[in-house]
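Q: Submitted below is the structure of interest, expressed as structure tokens.
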Amino acid sequence: TVAIIAGSDSITGRDGEIFLLDVDTGAMLRLTDNEESEWLLTWSHDGRKLAYFGDKYNSSLTAYLGGLRILELETMELVQVEAPPPARDFGQNLAWSPDDSKLVFTANGLTGAEVYVVNADGSGVQNLSQNDGNAFRVTDNYPHWSSDGTRIYFRSDRAEFAGPHYVVYPDGTGLRPN
């Protein structure tokens, strides 16, 4: 089974929806039916959850508003994690921890993109990269877990450290160049 995004319709303004496709039979099961744009589908390692980003254009704010979505496939329970302040929207990076208990992702704000971690149930959103922008936009991105889940690595263009690669523990301590 694979998850796909399909059905974008420029006439109605509706964006693509998420489907599960059985590659053996060709049968499709629709998982979402809403006015959000969904992107960056990521399966949990055990195959029981699907995480993705979803947002919708807000014309009064002239901005896209949305967040991280975590879908439990057996119960179809959907957890919505909104962009944490001061972030305004989510980035293009999302990864499950090796034990599927957490997700690491990026969110964009006025000072740039930052790396966050959240529990798989949507609780405990925490900023791991803690950049203050240093008077310019800093981009912390491409987070990924160590194979044992004890560290998170990411790239950054921050000026206070030498080099573009950083490491931090999932609890936010130990931030340093790698």
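The values are calculated or read from the model by the stated rules, or taken from the named source; none is laboratory data. A quick note: this is a predicted structure, and the numbers were derived from the prediction, not measured. Note: ideal-geometry Cβ built from the backbone for every residue, glycine included; neighbour counts use all protein chains shown.
Q: Can you tell me which residues in segment 32-83 are at pLDDT 85 or above, part of a loop (DSSP other than H, G, I, E, B) and over 15 Å from the mean Cα position of the chain (by Cα)?
A: If the condition is that a residue be at pLDDT 85 or above, part of a loop (DSSP other than H, G, I, E, B) and over 15 Å from the mean Cα position of the chain (by Cα), then His45, Asp46, Gly47, Arg48, Leu73, Glu74, Thr75, Met76 are the ones that fit.
Q: Residues of segment 84-107 being assigned to a loop (DSSP other than H, G, I, E, B) and modelled with pLDDT of 90 or more, which ones?
A: Ser97, Pro98, Asp99, Asp100, Ser101
Q: Would you point out the residue of segment 15-48, among those that are among the β-branched types (Val, Ile, Thr) and under 11 Å from Ala3 (Cβ atoms), that is surrounded by the fewest Cβ atoms within 10 Å (Cβ to Cβ)?
A: Thr42
Q: Take the residues in segment 2-14 that are surrounded by 11 or more Cβ atoms within 10 Å (Cβ to Cβ) and at negative phi, then tell me which one is modelled with the lowest pLDDT.
A: That would be Arg14.
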